[in-house]
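Throughout, read-outs are computed from the coordinates displayed, never taken from laboratory work. Predicted, not measured: the structure shown is a model, and the values here were computed from it. Positions of Cβ are backbone-derived with ideal geometry, glycine not excepted, and every protein chain shown enters the neighbour counts.
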Amino acid sequence: MRKPKKSVTITVFLTCFCGFFASSAEGPEPLRYTLRFPRPQTHYVEVTAQIPAGKPQIELYMAVWTPGSYMVREYSRNVEAFTAADETGRPLAVTKTRKNRWLVAAGSAKALTVGYKVYANEPSVQGNYVDAGFAMLNGAANFVSVVGDGKRPYEVKLELAAGWQESISGLKRTGQHTYAAPDFDQLLDSPIYAGNAPIHEFEVDGKKHYLVNEGEGPMWDGPASAKDVQKIVAEYSRMWGGLPYDQYVFFNMLIEHGGGLEHKNSTWMGGSKWAYGNTVVPPPADDAAPRAPSRPNRLGWLGLVSHEYFHLWNVKRLRPVELGPFDYENENYTRSLWLAEGVTSYYGELALGRTKQATRDQLLQSFGGAIAALQNTPGRLVTPLEQNSFDAWIKLYHSDENTPNTAISYYTKGEVVGLLLDAKIRKLTHGAKSLDDAMTLAYQRYSGEQGYTPEQFRATVSEVAGSDLSEWFGAALESTRELDYSELLDWLGLRFKKPVERPGAPPRIKTGLRTRVDAGRLLIEGVVRDTPGEAAGLNAGDEILAINSYRLRAEQWPARLDSYKPGETVKLLIAHRDLLQEVPFVVTADNPASWQLEVRPDATHAQQSHLKAWLRE
């Protein structure tokens, strides 16, 4: 359940100083911002900036999305009271030309003063948030720049609110609470924090790392969590052959909002201050939901850390060719999010096993849960994985009740494809090579400015595997054929667990309904394709009231169906758009396949060795 939002506004003023725009033999002068928080309890931050002019008209713009989110977020919707003046303070005319652009009639002005306000009440990792206690600012949501002038350097200085002591960013620090970015890309890719959060510092390979725990309380062990993060950093440094930065910041916002978003030298993670304990999170009870495994909260948080940190290499440096240079005003389409996000999810879990933070059984349970989520989603048979990646802008972050019937998350299937691809490479090379080798070779060849094409990555993997994998990639990425798990099971000596038998218990009933309880009402959230729920004509939004004229309380669903025999038809009393109807529903036994992984009791010595090598045991 999400907490109620608070009203937050950001006020932005852009000014100039004499002599700032003098020509430089070393390139253009930086565009300088100063952020002030005179009354943070009112949710305002005042920003000044020096913007060059020199042309009769200067057009400014704000990004409509932030890298890593793959969704147009329309940050300019929060902008108001946009004004401009020249270096003498004379007001200049401003015309809104597009949803995120402002045209300033600069005339003969050499520098501009621009001011605007930004409403900032989005504590999500793609958003922008300020309150009396702290500020967590996302560049894309705050900064305007000159159209076509993104290569100019930028500087940001913070004047902290009374009582605030700290500021930190993945940007290079050039002075007290002052940071520099070489271009607009890095400015937007570097969140900035200001407040009083505990900051835990550690080193790996001589590089400084900072874990910023905003909201840390007595229930969160800050030093212990930093040591756990350090293990993950060390594991990835080993895999990739070093750390490609001077410093790295883990922004851990424990303000009861989830998610994570990667940046080049930092990551912004959202979560709960209760998430570092050992409380076990049970799997969903709804029979239509994927079989998510139970696991301690702590492993969930460490999995998020591991996932976001792996992006340091996979996406932020080794990237699909389409994801850079960015077009911040339009969607940037790619078919490679299965690799950028899905394979990152695979390594995010695998690293927990390799660092011994997750047991072997917990790791297999996690991967089994991903396989179950895939195999229980009808959309896997409708839309290929690469197409799901391409459609991310209109599908993944705009899902509705029918999405599971038509699509599959590239996170979920990409993770499973990464698992199978790793096993395939290991088997083809008799254990000499792995997906690790393919990823690091691709990093050597394509990280940096150029990026990789889908064809280049496939060729790199085939080279490492010593075999042409074109047909395998075509089936896994371009078709909706079922994935083949036989090589994974055979190489690692695994099997899918047999379903647990319940002697004397009634058979499990399949409904195909995703439900939720709202104020005591049992509401249908979605109907899975080709299930009894769909055959009965039930719809999302329907309320289930009774079975065979007997009142049904929300907590009695779906167990009440156990009272009926498979094949029997019952009448469900529902409210469809407030119209009471009786709907015939055929009680159907569910014999789900088990997708939970376990080690074969008869695994050979070779298979046991392969499993240990995979986990680096």
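The figures follow:
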| quantity | calculated |
| --- | --- |
| Dimensions in Å of the stretch 313-494 - Rg and Dmax from alpha carbons | 16.1, 49 |
| About the Cα centre, charge dipole magnitude for the stretch 100-193 (Lys/Arg +1, Asp/Glu -1 at Cβ), debye | 340 debye |
| Peptides 134-146, 157-169, 376-388 ordered by average Cβ neighbours within 10 Å, highest first | 134-146, 376-388, 157-169 |
| Mean Cβ count within 10 Å, highest first, over the residues of peptides 434-441, 535-542 | 434-441, 535-542 |
| Degrees separating the helix 222-240 axis from the principal Cα axis of the chain, which is the longest one | 90 degrees |
| C-alpha center-to-center spacing [the stretch 27-52, the stretch 293-345] in angstrom | 30 Å |
| Using θ = phi - 60° and Karplus 6.51 cos²θ - 1.76 cosθ + 1.60, couplings along the stretch 351-362 (whole Hz; Gly, Pro as x) | 5, 5, x, 5, 8, 6, 7, 10, 6, 4, 5, 5 |
| Dipole axis of the chain (+1 Lys, Arg; -1 Asp, Glu on Cβ), positive-most option in A603, I232, L385 | I232 |
| Distant-in-sequence amide H partners of K172 (H built 1.01 Å from N, under 5 Å) | A180 |
| Sorted by Cβ density within 10 Å, fewest first, the residues H605, H257 | H605, H257 |
| All-pairs alpha carbon distance profile, the stretch 381-432, 10 Å steps from 0, percent | 24, 41, 20, 13, 2 |
| Environment charge of W220, counting only residues whose C-beta is closer than 14 Å and scoring Lys/Arg +1, Asp/Glu -1 | -2 |
| Added length on full extension, which subtracts the Cα-Cα distance from 0.36 nm per residue, E166 to D327 | 54.7 nm |
| Long pairs among K356/K497; K207/K424; K395/K565, criterion Cα-Cα beyond 29 Å | K207/K424; K395/K565 |
| Percent of Cα pairs exceeding the 14 Å cut-off, where the set is the stretch 509-589 | 58 percent |
| Over the chain: helical MRE at 222 nm, DSSP H runs n ≥ 4 each giving -39500 (n - 2.57), nearest 500 | -7000 deg cm²/dmol |
| Equivalent ellipsoid semi-axes, the stretch 105-200, via Cα gyration tensor eigenvalues times 5, rooted, Å | 25, 16, 14 |
| Relative exposure of W595, W274, W268, judged by other C-beta atoms within 10 Å (fewest first) | W274, W595, W268 |
| P(r) histogram, all alpha-carbon pairs of the stretch 9-195 included - 5 Å bins from 0, percent | 2, 8, 17, 22, 22, 16, 9, 3, 0 |
| Spatial separation of Cα centroids for the stretch 193-207 and the stretch 154-176, in angstrom | 14 Å |
| Whole-angstrom gap from the stretch 348-423 to the stretch 234-267, using each part's C-alpha centre | 22 Å |
| The stretch 313-494: relative contact order in percent, alpha carbon pairs under 8 Å with at least 6 residues between | 30 percent |
| Of every Cα-Cα pair in the stretch 197-287, the percent that sits beyond 18 Å | 49 percent |
| Hydrodynamic radius by Kirkwood, which averages 1/r over all alpha carbon pairs of the chain, in angstrom | 26.7 Å |
| Rel. contact order, % - alpha carbon contacts under 8 angstrom, at least six apart, the chain | 9 percent |
| Share, in percent, of DSSP beta bridges within the chain that are antiparallel, nearest 5 | 80 percent |
| Unsatisfied cross-links (Cα-Cα over 18 Å) in the set K99/K157; K110/K172; K208/K231; K172/K208 | K99/K157; K110/K172 |
